[in-house]
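Report on the following structure.
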Amino acid sequence: MKFRNGLAITNAFTHREVDIATFGVTPLLRYWINDNGRIYIISGVNSGGSALIVRAGSDIRSIDDLDGKIIATSGFGSIQDLVMRKMFEGFEIKTV
């Protein structure tokens, strides 16, 4: 099964639609703390942090160069989305 993000996975856990999954630590901890979710961690998959990838030859060199650009994240509420929103505090962000 495919899920849009970690929140969708934890919702599937809550509704007993899935028994095991691979996803990031942020939604896992939210599920454990807020929903009293019963979890067993059998392996880690997160390492190296997050990165913004741009096209080869792009003129994007700083955060200011992103003005007017479209940026994709792995899903609303994912750690990458949260990092980007924190990084862009004070900037106008339009979610599409």
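The values are calculated or read from the model by the stated rules, or taken from the named source; none is laboratory data. Not measured: the values here are computed from a predicted model. Backbone-built Cβ (ideal geometry, glycine too); neighbour counts: all protein chains shown.
Scan segment 14-38 residue by residue and report those that are more than 19 Å from Ile79 (Cα to Cα) and hydrophobic (A, V, I, L, M, F, W, C).
Residues satisfying the conditions are Val18, Ile20.
Among all residue pairs at least 6 apart or on different chains, which show Cβ distances below 6 Å where the first residue, located in segment 13-41, is without any contact (Cβ under 8 Å) to a residue 12 or more places away in the chain and the second is in a loop (DSSP other than H, G, I, E, B) and β-branched (Val, Ile, Thr)?
Trp32/Ile39
Return the only residue of Gly75, Gly57, Gly68, Gly90 being assigned to a loop (DSSP other than H, G, I, E, B), outside the structural domain of Met1 (by TED's automatic domain parsing) and surrounded by 15 or more Cβ atoms within 10 Å (Cβ to Cβ). Show your work before the answer.
On the way: Gly57 fails: surrounded by 15 or more Cβ atoms within 10 Å (Cβ to Cβ); Gly68 fails: surrounded by 15 or more Cβ atoms within 10 Å (Cβ to Cβ); Gly90 fails: surrounded by 15 or more Cβ atoms within 10 Å (Cβ to Cβ).
The conditions single out Gly75.
Please find, within segment 41-54, the residue that is nearest to the chain's Cα centre (by Cα) out of those that are surrounded by 10 or more Cβ atoms within 10 Å (Cβ to Cβ) and of a type in the set (A, V, I, L, M).
Step one: of segment 41-54, the residues surrounded by 10 or more Cβ atoms within 10 Å (Cβ to Cβ) are 46, 50, 52, 54.
Filter again for of a type in the set (A, V, I, L, M), leaving 52, 54.
Details: Leu52: 13, Val54: 18 Å.
Out of the qualifying residues, it is Leu52.
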